[in-house]
Every structure is written in C-alpha cells, then in structure tokens.
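The values are calculated or read from the model by the stated rules, or taken from the named source; none is laboratory data. Being a predicted model, the structure only gives us computed values, none of them experimental. Here the Cβ positions follow ideal geometry from the backbone for every residue, glycine too, while neighbour counts run over all protein chains shown.
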Amino acid sequence: MSLHQRSSGLCRVLWVLALLGALWLVAGPALTARADQAVQVTENSYKVDFSKSIVFRLGAQAAVGMKEVTLYYRRSGEIVTVKVPIAVKAGQTAFSHTWELESGDLPPGVRIEYEWRVVDAAGAVLKTDPLSFDYSDDRFNWKTMQDEEVVLHWYGSDETQAKRLLGYATQSLARLQDQMGIAPQQPVQIYMYQTKSDMSLALPRHSEAYDDRILTLGVVVDEATLLILGPHPDVKGTMSHELAHVVVGLATHNPYGDLPRWLDEGLAMNAEGAMPAGNSEALKQAIRTDSLISVRSLSGYAGDPAEVDLFYGEVYSLVEFMLQTHGKDKMAQLLDAFREGLYQEQALQRVYGFGVADLDLQWRKSLGLGPRTTPVPGATQVAVPRRTPAPATSPCLSLFWGGLLGLAALAYRRVRA
C-alpha cells in the first residue's frame, strides 16, 4: 500500500470519528428533549398596508415557556436579510413586528420572504419554513395582459388603452433589439396608473414643492419593474425611454459599478426616436459656439441645471454617432464589457480600440469641430491588485484539527450547562 493510499484511508477514519462526535454533541440534547417541550406554532401571518407598513405575526407556545423569538425577512433574490429580535415576556404567546414603510420604499410586485426562529426555555429550537408573498398595491383591482417579454398590469375599464400601451412596449423592445442589439434578460413588469395621485404612493417621496411642480410620467423602480402614467399624451416616448433603462440595466448588471451616464441616458434618448426640439436647439447652439460638454464630463454629469437640454442633446448625439459609425454589434459588446465590471476606459479600449479622449475627438470631428483648445486629461489607469494565494496546506489535517477544536468547544459548553 502506498503512502498516499494510507494517508487517504487515515483521512476517512478521522472524518468518520469527527462526524460521529459532532452528531452526538449537536443532536444528543435534541434527541433527549421531552415531547411536551416542543414549540407549537398557532399563527404565522402577515398584513400589508401599501406604502405604509407590513406587519408580521407569530403565535407560538411551549410547556416550559418561550425564551427567544427572532424574525428574518428579505426581498426575494437579495443576499441581505434583516434580523429582528422580538422582546419576550413571561407567558407571552403572541408576537409581532411592524416594518414601517414610506412611499416608494418597495416597488409594486416585489416578492418578500420571511421566517421565524423560536427557542423555548429548555433550549429547544424551532425554525418555521420560509414563506413568501408579493407586495401588491391592493388599492386597485389589477388585471394583466402580456406577450413574451412584457407583463402589463392595469386597472379600470379602458382595455383599449391597456392594449395600446402593451403595443408601445412591444414595439420599443423590438426597436432596441433591431437598432442597438440589446434585448431584455427577463420579462419586464409594467404597472400602468391612471392618475398622478394614484401613482404617487408608489413613487419615492420628494419635497411637497417638488411633487406639486413635477409630473412623473414614468420611472424604473426595480431592475425589471416600470411604473407609467397611462393617459398622458407623451406616454409612448416615456415608455420607450424607460424601457431602454430597464433593458440596458439588466444587460449590464454587475456588483462593481454603473454605466457612464452619457451611455445610459444616450441609449434611452435614442430609443425614443427623433431628438426632441429643445435638446436639438441646445446642441446646435453649443456646436456654433464650440461649448460642448466633454465626454469625460458627461460620464457622471451633475452640472448646471440650465444645461439639462444640452446634456440630453449631447448624449443623444454621442450614442447616435457610435451606433452609426461602429454599428449595433459593437454597442452590444461594449455593454457586455461593462457587465464584466470593466471601467469606462478599459471597456472602450477593448471594444473600439480607443479611449474616452479619442471618442470625444472623433465625435467632435463628426460635428464639424476640431480638437479642444484645452485638451481633456487622459484616462487614469487603475491597477487592480491580484490576490496572493495562501500557502498550501493539507486539507485533511487542517479540517480534522479544525473539527477537533470545534468539538472541544461544544463539549466544554455542555459541561458548563
């Protein structure tokens, strides 16, 4: 028998011994618990008050009394879980927690998951099975209609209007695929509201003055959820714009960073169709006076509010230039690069072979302008340090000794108890 075979056999023996010890220490107390000490769940429920609260309720009792009650809840698909310890009084059998909400904290249709962990006075532990529910705007009687890529939720009696909006959405997604080479990664949920006041409780709250002055026609509230004001005359353009944000967001989702603003808004503006007159006039004026905002500044633009028309005119023009000059396949490759987490300079260099400064120069040239009199600073390369691998160790011995330490700790706690 070789040394390697003897070592493997020893590993198996040590693993079996460690596993048996762990089962005795961990499962032993539970196996010796009396049946009359078991925790009994008499209620496990929730109640949603849209945009105000979600109340979780638990009824539980045990012959020896309750010691600990903890609620865990999260949005479906998210890693972060909220842990809520509930205060327990002697003899208490009903427990609850209220999740206080404000307008727009949760988008309509989001799925919530929750579960309880209960410990009685004798140390017996009960975990309830995870439950889930959809957080719905139950003020209205919602109906649905859909095609392969869109689910439209609507209420009221105007089915013709709902069909028209579904058609707008379908056309917008087809245009994104045809002209820009991007398609939704999952069905898009669209909630069509009939009035500003109806939609207000589903929107993030601003100041009262803002809400009085600004009419929100459409907004993306989740990665694949869009709220839209159905009866407004500009609904078609709004639908196209916001759907582009949804589709591009899904196509480039990553844990590292967002798209440069010129690309995100430029794609959405092009999705609407022709450039709006106000943006076009602002762009023409900036070209005449050679006062264009640079591409680098457009990347995270938060400048003068008076330049909003110019900003949107420029990002429309810039993305249109890239699509017409280099094609939709290159644009799709650029979005893939951002999805991988590349920075703007790196992504442009990989796909097009030039960076932000050269993009600015080429775009200006297409508009009949020469190089900037004040050069835009070159891109800063960010070095990402490589992780240094840890020294190699024997997995068998490391895990075995780690297991022995864990067993010793458990044994000590049992003796102390």
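Quick grid of which residues meet (1) closer than 15 Å to PHE133 by Cβ; (2) touching a Gly at 6+ places or on another chain (Cβ under 9 Å):
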{"residue": "VAL48", "(1), (2)": "yes, no"}
{"residue": "GLY65", "(1), (2)": "no, yes"}
{"residue": "LEU71", "(1), (2)": "yes, no"}
{"residue": "GLU78", "(1), (2)": "no, no"}
{"residue": "THR81", "(1), (2)": "no, no"}
{"residue": "VAL84", "(1), (2)": "no, no"}
{"residue": "LYS89", "(1), (2)": "no, no"}
{"residue": "THR93", "(1), (2)": "no, yes"}
{"residue": "LEU101", "(1), (2)": "yes, no"}
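Only one entry of LEU152, LEU173, LEU165 meets the criterion of being in contact (Cβ under 8 Å) with a residue 12 or more places away in the chain, assigned to a helix (DSSP H, G or I), outside the structural domain of VAL55 (by TED's automatic domain parsing) and out of contact with any Pro (no Cβ under 7 Å at 6 or more places or on another chain), and that entry is LEU165. Only one of the numbered conditions (1) part of a loop (DSSP other than H, G, I, E, B); (2) at pLDDT 90 or above is not met by LEU203, and that is (2).
Would the range 33-42 turn up any residue that is closer than 30 Å to ASP137 by Cα and either at pLDDT 50 or above or not assigned by TED's automatic domain parsing to the domain that holds ASP222 (or both)? Yes: one or more hits. When the range 319-348 is filtered for residues that are out of contact with any helix residue (DSSP H, G or I) (no Cβ under 9 Å at 6 or more places or on another chain) and crowded, with 18+ Cβ neighbours inside 10 Å, only TYR343 remains.
Evaluate the following for ASP329: is it closer than 20 Å to LEU173 by Cα and acidic (Asp, Glu)? In short, yes. Those residues that are surrounded by fewer than 16 Cβ atoms within 10 Å (Cβ to Cβ), over 23 Å from PHE56 (Cβ atoms) and either among the hydroxyl-bearing types (Ser, Thr, Tyr) or at pLDDT below 95 (or both), I need them from the range 122-145; list them, please. Of everything in the range 122-145, those that are surrounded by fewer than 16 Cβ atoms within 10 Å (Cβ to Cβ), over 23 Å from PHE56 (Cβ atoms) and either among the hydroxyl-bearing types (Ser, Thr, Tyr) or at pLDDT below 95 (or both) turn out to be GLY123, THR144. Only one entry in ASP309, ASP290, ASP264, ASP258 is part of a loop (DSSP other than H, G, I, E, B), at negative phi and charged (D, E, K, R), namely ASP258. Check the range 140-149 and report whether any residue there is of a type in the set (S, T, N, Q), in a strand (DSSP E or B) and in contact with a strand residue (DSSP E or B) (Cβ under 8 Å, 6 or more places away or on another chain). Checked the range 140-149: at least one residue is of a type in the set (S, T, N, Q), in a strand (DSSP E or B) and in contact with a strand residue (DSSP E or B) (Cβ under 8 Å, 6 or more places away or on another chain).
Here's the yes/no breakdown for (1) part of a strand (DSSP E or B); (2) at pLDDT below 95; (3) surrounded by fewer than 14 Cβ atoms within 10 Å (Cβ to Cβ):
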position: VAL48; (1), (2), (3): yes, no, no
position: LEU58; (1), (2), (3): yes, no, no
position: THR70; (1), (2), (3): yes, no, no
position: ARG74; (1), (2), (3): yes, no, no
position: GLY77; (1), (2), (3): no, yes, yes
position: SER103; (1), (2), (3): no, yes, no
position: GLY109; (1), (2), (3): no, yes, no
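Any residue at all in the range 216-237 that is touching a residue at least 40 places away in the same chain (Cβ under 8 Å) and within 30 Å of GLY368 (Cβ to Cβ)? No; the residues of the range 216-237 include none that is touching a residue at least 40 places away in the same chain (Cβ under 8 Å) and within 30 Å of GLY368 (Cβ to Cβ). Taken over the range 293-306, the criterion of being outside any loop (DSSP other than H, G, I, E, B) and loosely packed, with under 13 Cβ neighbours inside 10 Å is satisfied by PRO305, ALA306. Listed by first and then second residue, the pairs linking a residue in the range 118-133 that is outside the structural domain of ALA60 (by TED's automatic domain parsing) to a residue that is surrounded by 15 or more Cβ atoms within 10 Å (Cβ to Cβ) and part of a loop (DSSP other than H, G, I, E, B), with Cβ atoms under 8 Å apart and 6 or more places separating them unless they lie on different chains, form an empty list.
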